[in-house]
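Reading through the structure tokens given below for one structure.
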Protein chains: 2
Amino acid sequence: MYTIGTLSKNTGVTRRTLDYYDEIGLVKPSSRTSGGHRLYSEDDVMRLERVLALKYMGFSLDKINAILQSSKLNWQESIQEQLDMVKREQERLKMLEQALQGVLYSIEFEEKISWPIISLIMKFYHQEPEELIQQYNHFMNEEEMRKIIECNETMSEEDIREWMKAVYDIKKHQDIDPHSDLALQLAERWLKQAEKMFDHDEQLLGNLWESLKGLEEGVVFYPMDKGVVEFLQKVSKAHGEMG
Amino acid sequence: MYTIGTLSKNTGVTRRTLDYYDEIGLVKPSSRTSGGHRLYSEDDVMRLERVLALKYMGFSLDKINAILQSSKLNWQESIQEQLDMVKREQERLKMLEQALQGVLYSIEFEEKISWPIISLIMKFYHQEPEELIQQYNHFMNEEEMRKIIECNETMSEEDIREWMKAVYDIKKHQDIDPHSDLALQLAERWLKQAEKMFDHDEQLLGNLWESLKGLEEGVVFYPMDKGVVEFLQKVSKAHGEMG
DNA sequence: TATTGAACATCACGTAACGTGTTGTTTTAT
DNA sequence: ATAAAACAACACGTTACGTGATGTTCAATA
């Protein structure tokens, strides 16, 4: 028999938590002293350990209560559900990470806080992956989309920065004469980074390009927007580069 | 000027939320009708959009309030912190995913719910990655640890299942005669899966094995425990297989 | 055995970001 | 003018406890 204090020390759970678990009937001490002090038996301790294990898994106390009095089948179902939830949450966080990174780049390269861009980035990444893919569906199939997303994830920090810089430099100079040398340089740098990004898969790059031209507004592809796409088209026309 | 209802429809934010944001002073309508109804100006809408963008980033309303009246430098710092947090959270979820998967396999292959094993798995994965790596430090360096973790992540569902089954079959028969044919078969199957797992990197497998022998208790490596390690050692001695 | 300090029980309020519901008032459409 | 819709303001509920406050019981010591 353990008092609440010793049990607390042994398990690392606070007294208040044990008090609370008693209150909601999750882990009740099986006996008390004549004076009313809680006494936990070995069985109670076991129950507590199970509760803690389920808590690590991320279940709510209500759910834990339900699970602990259900059958093996329900168990597998609950844990499977939790597993799926964890996977979805990871997907969400991956998107969020990219969005935050994008915002950081935008602040860094624009050297100011551009709210319209930040809002666009957040809206862009806030949608479900499914919706995101659908936007590009006109010119690319699912496998190609997956390739693009994948190659983005395997890019090094350094390469991502170079790519971002290439795009942001175009944004900064998007109103210069498309026939100028600087315009050509910027476009060529962009093309170089884009090819590097897609591992020189010209087919993939071509399809992406067609898709980009079709999209109307917003953050089209990473930091690229309509202005950048149009700039590249103008330079291409002026110098006869690209399809 | 928008009433609370129209603003709610336009942004998808509930009336109660706008009410609440007004109450805590996060987004206050800049004017009211003579009767006291809220009227939001374009500036108010902009403020709301910024708040929402920051909310998507995962900041608390308190933090958002603080961020919205701070300088650019603090911004970068806050977003960087948030980015780091998101990364850490992803690490945590990755561990949790593996733990849940482990629990599912244990229920599936043992065909019952084994609480001691579940508790062990959860304790094992509940520690920080740093601590986890330290447990194996005696025989492996960091790079090798990283390799092992990596190869585990790149394994297919199918391969993981095969590996799990190999280990669980040993657990089931861990008391049979080490000299028997079945024992040899089980050990050979284990070895085959282990080699496949490490892409036939004998050096790495050898070091892992040394490390496993040194560890005293608990869920040593995935579903492997001390019993499995000892079984493999006994079979090895009996048949002269492995180092 | 009396005392005293530590441990304990019980209660109450606070947390974050709203959802839900009630009551009474204002606006809008007819 | 009237009825319906929209609105303001308030209150209580939610999770899993943390942080006290107050009064009681236990264990060790004098």
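Observations on the model:
- Where B:L26 falls short, out of the listed (1) outside any helix (DSSP H, G or I); (2) within 16 Å of DNA strand D (Cβ to nearest atom); (3) open to solvent by 70 Å² or more (accessible area, probe 1.4 Å): (3)
- Filter result (open to solvent by less than 40 Å² (accessible area, probe 1.4 Å), part of a loop (DSSP other than H, G, I, E, B) and of a type in the set (A, V, I, L, M)) within segment A:149-186: A:M155
- Evaluation of B:G218 against (1) farther than 30 Å from B:E91 by Cβ; (2) among the small types (G, A, S); (3) modelled with pLDDT under 75 (one fails), failing number: (1)
- For B:K9: the one exception among (1) within 11 Å of DNA strand C (Cβ to nearest atom); (2) over 19 Å from B:I64 (Cβ atoms): (1)
Per-residue answers, yes or no, for (1) in contact with a Phe, Trp or Tyr (Cβ under 8 Å, 6 or more places away or on another chain); (2) more than 20 Å from A:A99 (Cα to Cα):
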site: A:R161; (1), (2): yes, no
site: A:D175; (1), (2): no, yes
site: A:L182; (1), (2): no, yes
site: A:E202; (1), (2): no, yes
site: A:E210; (1), (2): yes, yes
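- Considering segment A:29-47, the residues that are away from DNA strand D (no atom under 11 Å from the Cβ) and of a type outside the set (D, E) include one that is nearest to the other protein chains (Cβ to nearest Cβ), namely A:M46.
- When A:L205, A:L191 are checked against the criterion of being buried (at least 16 other Cβ atoms within 10 Å of the Cβ), at negative phi and at pLDDT below 85, A:L205 stands alone in meeting it.
- Any hit, segment B:165-177, residues being in the same structural domain as B:Q101 (by TED's automatic domain parsing), under 23 Å from B:S106 (Cβ atoms), in contact with a strand residue (DSSP E or B) (Cβ under 7 Å, 6 or more places away or on another chain) and modelled with pLDDT of 75 or more: yes
- For A:K192, the test of being in a helix (DSSP H, G or I) and more than 20 Å from A:K226 (Cβ to Cβ) is passed.
- Any pair with Cβ under 7 angstrom, 6 or more apart, that starts in segment A:24-51 at a residue that is free of Cβ contacts under 8 Å to residues at least 60 places away in the same chain and ends at one that is in a loop (DSSP other than H, G, I, E, B) and open to solvent by 80 Å² or more (accessible area, probe 1.4 Å): A:L39/A:M1; A:Y40/A:M1; A:S41/A:M1
- Sub-7 Å Cβ pairs linking a first residue in segment A:1-22 that is within 14 Å of chain B (Cβ to nearest Cβ) to a second residue that is within 10 Å of DNA strand D (Cβ to nearest atom) and not hydroxyl-bearing (S, T, Y), at least 6 apart or interchain, number zero.
- Filter pass, B:R32 being under 32 Å from the mean Cα position of the chain (by Cα) and loosely packed, with under 14 Cβ neighbours inside 10 Å: no
- Output for segment B:61-72, where each listed residue is facing chain A (nearest Cβ under 10 Å) and assigned to a helix (DSSP H, G or I): B:K72
- Annotation: of all residues in segment A:48-60 being open to solvent by 20 Å² or more (accessible area, probe 1.4 Å) and part of a loop (DSSP other than H, G, I, E, B), the one that is nearest to the other protein chains (Cβ to nearest Cβ) is A:G58.
- Residue ID - farthest from B:R47 (Cα to Cα), chosen from residues in segment A:83-118 that are at the interface with another protein chain (Cβ under 10 Å from one of its Cβ atoms) and not in a helix (DSSP H, G or I): A:E111
- Hits in segment B:35-46 (condition: open to solvent by 50 Å² or more (accessible area, probe 1.4 Å) and near DNA strand C (Cβ under 8 Å from one of its atoms)): B:G35, B:H37
- Among the criteria (1) modelled with pLDDT of 90 or more; (2) surrounded by fewer than 18 Cβ atoms within 10 Å (Cβ to Cβ), the one B:L100 does not fulfil is (2).
- Tally, over segment A:9-23, of residues that are in a helix (DSSP H, G or I) and within 10 Å of DNA strand D (Cβ to nearest atom): 8
- Condition check for A:L93: within 30 Å of A:K123 (Cα to Cα) and under 12 Å from the mean Cα position of the chain (by Cα): yes
The values are calculated or read from the model by the stated rules, or taken from the named source; none is laboratory data. This structure is a prediction, so every number in the text was calculated from the model and none was measured. Note that we place each Cβ from the backbone using ideal geometry, even for glycine, and neighbour counts take in every protein chain shown. The protein model used for the area step is the full one, side chains on, heavy atoms only, and it has no ligands, DNA or RNA in it. Shrake-Rupley method; radii C 1.70, N 1.55, O 1.52, S 1.80 Å.
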